[in-house]
Amino acid sequence: MPLNLEQIKKSEEINSYIRKADESLSALGYTEHSYAHAGRVSSLASEILLTLGYDARTAELAAIAGWMHDIGNIVNRHDHAQSGAIMAFRILDKMGAAPDEVATIITAIGNHDEETAYPVNAVAAALILADKTDVRSNRVRNQDPASFDIHDRVNYSAKESRVLVQDGTILLRLRIDTSICSLMDYFEIFLDRMRLCREAAKVLGQTFALEINGQRMI
């Protein structure tokens, strides 16, 4: 039987790497990259492909890639996409996954970080979109607003974040508190990510749009 998402989510080995990677990122001052982030990315990557008419198996591969995509942070934040892809190869091969499906998953993982990312196929495109649109106030670990850096402010200001797939457009709809984060702050941090989302949407035959506080920005 093909490897399925539930097996991946129940793997203590994979979950240990997710947990320990997040501990490392916490020590470095990064936002949450634990099970909440993995779960959201996994679910949304699958949902995007299913909504666009891709088959269930392709959507499940995207979900698996989404759950595993950040495990490389256990090695180092730098080049974590590539180290994570290599780790995923070993894990999935050991679990008996089919080589062509392993290839699809590790290609997506290895191409998800904006420094080196490119939406080389539909699964990679869905993973990029799901990952880069996860803007949430509860990803911020720092509980002292006075000491927030720009990344903390951008995420903490997000009071609502939704991704909608409709009428040929993949829309990221945000409601942000501009008393915490200005639109300029948002674009300073996220411009490269939004450009990457635009490329990813294009691979899926869609356009990408960003709406903040009811105003279309892209």
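Here, each number is a calculation from the coordinates, and none is a lab measurement. If you're wondering where the values come from, they're calculated on a predicted model, not measured in any experiment. Glycine gets a Cβ as well: all are built from the backbone with ideal geometry, and neighbour counts include every protein chain shown.
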Might you check whether a residue that is buried (at least 19 other Cβ atoms within 10 Å of the Cβ) and within 16 Å of the chain's Cα centre (by Cα) occurs anywhere in the stretch 144-153? no
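One line per residue, one yes/no per condition, for (1) under 20 Å from LEU129 (Cβ atoms); (2) buried (at least 17 other Cβ atoms within 10 Å of the Cβ); (3) among the aliphatic types (A, V, I, L, M):
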| residue | (1), (2), (3) |
| --- | --- |
| ILE18 | no, yes, yes |
| ASP22 | no, yes, no |
| SER26 | no, no, no |
| GLY29 | no, no, no |
| HIS33 | yes, yes, no |
| ALA45 | yes, yes, yes |
| LEU50 | yes, yes, yes |
| ASP55 | yes, no, no |
| ALA63 | yes, yes, yes |
If we keep just the residues of the stretch 123-143 that are in a loop (DSSP other than H, G, I, E, B) and in contact (Cβ under 8 Å) with a residue 24 or more places away in the chain, which is farthest from the chain's Cα centre (by Cα)? ASN142
Flagged pairs (Cβ under 7 angstrom, 6 or more apart or on separate chains; first in the stretch 83-97, surrounded by 14 or more Cβ atoms within 10 Å (Cβ to Cβ); second acidic (Asp, Glu)) are GLY84/ASP70; ILE91/GLU13
In the stretch 1-16, residues that are exposed (fewer than 15 other Cβ atoms within 10 Å of the Cβ) and either without any contact (Cβ under 8 Å) to a residue 40 or more places away in the chain or at positive phi (or both) total 5
Would you confirm, using the coordinates I've provided, whether ASP177 is surrounded by fewer than 20 Cβ atoms within 10 Å (Cβ to Cβ), touching a strand residue (DSSP E or B) at 6+ places or on another chain (Cβ under 8 Å) and not aromatic (Phe, Trp, Tyr)? yes
Every pair of residues 6+ apart whose Cβ atoms lie under 8 Å, when the first sits in the stretch 154-166 and is on the phi < 0 side of the Ramachandran plot while the second is among the acidic types (Asp, Glu) and not in a loop (DSSP other than H, G, I, E, B): VAL154/ASP185; VAL165/GLU47
Please enumerate the residues belonging to the stretch 170-210 that are small (Gly, Ala, Ser) and closer than 22 Å to PRO119 by Cα. ALA200, ALA201, GLY205, ALA209
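Select from the stretch 68-79 the residues that are out of contact with any Leu (no Cβ under 7 Å at 6 or more places or on another chain) and within 17 Å of LEU92 (Cα to Cα) and write down the one among them that is surrounded by the most Cβ atoms within 10 Å (Cβ to Cβ).
MET68
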How many residues of the stretch 172-190 are under 15 Å from ILE218 (Cβ atoms) and hydroxyl-bearing (Ser, Thr, Tyr)? The answer is 1
Taking the stretch 171-190 only, how many residues are acidic (Asp, Glu), over 25 Å from GLN206 (Cα atoms) and either within 20 Å of the chain's Cα centre (by Cα) or not in a helix (DSSP H, G or I) (or both)? 1
